[in-house]
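Working notes, structure below.
The values are calculated or read from the model by the stated rules, or taken from the named source; none is laboratory data. All values derive from a computational prediction rather than experimental measurement. As a convention, Cβ positions derive from the backbone with ideal geometry for all residues, glycine included, and neighbour counts pool all protein chains shown.
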Ligand SMILES: [Ca+2]
Ligand SMILES: [Ca+2]
Ligand SMILES: [Ca+2]
Ligand SMILES: [Ca+2]
């Protein structure tokens, strides 16, 4: 008899439990305001996370995360938490970079990812279907990538360092537009900007190479690397951005590309 009572209580709890918060909210005279939504911007700093726009007006916020095991995940916001709603096929090596861009100029953004072992994949950002992959064996490894329009056509190109060379790849028609003669490039970061003030953009690699973005001449090879992570900002009021480089996750150095030198410690 007692066992049957315990069983009934357990069953009732199981049935009611999913509605419990609503029951509490409905009967509670005062409801605490919900805490602010968790901020995604803090995660956006990672190279393998991109925030996706909601799929529709009433749809939840989303983000995609590429992991070191070779899988892409999509998460959606459920109140205060995030829930995995989609998991990719296995991409065969660690995902090393993830972007959201319209690389094929069809007015829809693609998810672009690259793996440590030299594969590039495009997926549509709504249903996450695989749209295109580069042939296996094209590159043994890719160490850095950036998406930027560096030529006359409208779409952004894929700029990446593969097997020691900087490559510029057309994302719409998927072919190699250019590869550097230099085959000793070890960059893990790529940024773009007019870092010498001549009105044209440069491709800056964190291991010290600076190429003209349009004509692809090597403009400077710094004798020392710029940093593990690099950013551009004009901090000396000469209208030319400096390269600010971070080493070991903390130490900063500043480089003037127009003067071809690291900024001195004192004036
Ligand atoms: Ca597109
Ligand atoms: Ca272009
Ligand atoms: Ca320039
Ligand atoms: Ca400056």
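Quick notes on this structure:
- Condition broken by residue 182, with the remaining ones in (1) surrounded by 17 or more Cβ atoms within 10 Å (Cβ to Cβ); (2) part of a loop (DSSP other than H, G, I, E, B) satisfied: (1)
- Matching residues in region 104-119 - criterion: being at pLDDT 95 or above and under 16 Å from residue 148 (Cα atoms): 109, 110, 111, 112, 113, 114
- Selection within region 144-158 - within 16 Å of ligand 3 (Cβ to nearest atom) and over 20 Å from residue 208 (Cα atoms): 149, 151
This table checks each residue for (1) closer than 21 Å to residue 168 by Cβ; (2) under 26 Å from the mean Cα position of the chain (by Cα); (3) within 14 Å of ligand 4 (Cβ to nearest atom).
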| site | (1), (2), (3) |
| --- | --- |
| 193 | yes, yes, yes |
| 205 | yes, yes, no |
| 209 | yes, yes, no |
| 228 | no, yes, no |
| 242 | no, yes, yes |
| 251 | no, yes, no |
| 254 | no, yes, yes |
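- Each residue in region 223-267 was checked for being touching a residue at least 24 places away in the same chain (Cβ under 8 Å), within 16 Å of ligand 3 (Cβ to nearest atom), surrounded by 12 or more Cβ atoms within 10 Å (Cβ to Cβ) and in a loop (DSSP other than H, G, I, E, B), and 7 of them qualify.
- Residue that is surrounded by the fewest Cβ atoms within 10 Å (Cβ to Cβ) [pool: residues in region 203-222 that are more than 11 Å from ligand 3 (Cβ to nearest atom) and outside any loop (DSSP other than H, G, I, E, B)]: 218
- Residues located in region 82-97, provided they are surrounded by fewer than 20 Cβ atoms within 10 Å (Cβ to Cβ) and under 21 Å from residue 117 (Cα atoms): 87, 89, 90, 92, 93, 94
- Contact map, region 123-147: first residue free of Cβ contacts under 8 Å to residues at least 60 places away in the same chain, second residue exposed (fewer than 15 other Cβ atoms within 10 Å of the Cβ) and in a loop (DSSP other than H, G, I, E, B), Cβ cut-off under 8 Å, separation 6 or more or different chains; pairs are 123/129; 124/108; 130/89; 143/186.
- Failed condition for residue 163, given (1) touching a strand residue (DSSP E or B) at 6+ places or on another chain (Cβ under 7 Å); (2) within 22 Å of residue 121 (Cβ to Cβ); (3) more than 16 Å from ligand 1 (Cβ to nearest atom): (1)
- Residues satisfying the stated conditions in region 85-108, i.e. within 16 Å of ligand 2 (Cβ to nearest atom) and in contact with a strand residue (DSSP E or B) (Cβ under 7 Å, 6 or more places away or on another chain): 99, 101, 102, 103, 104
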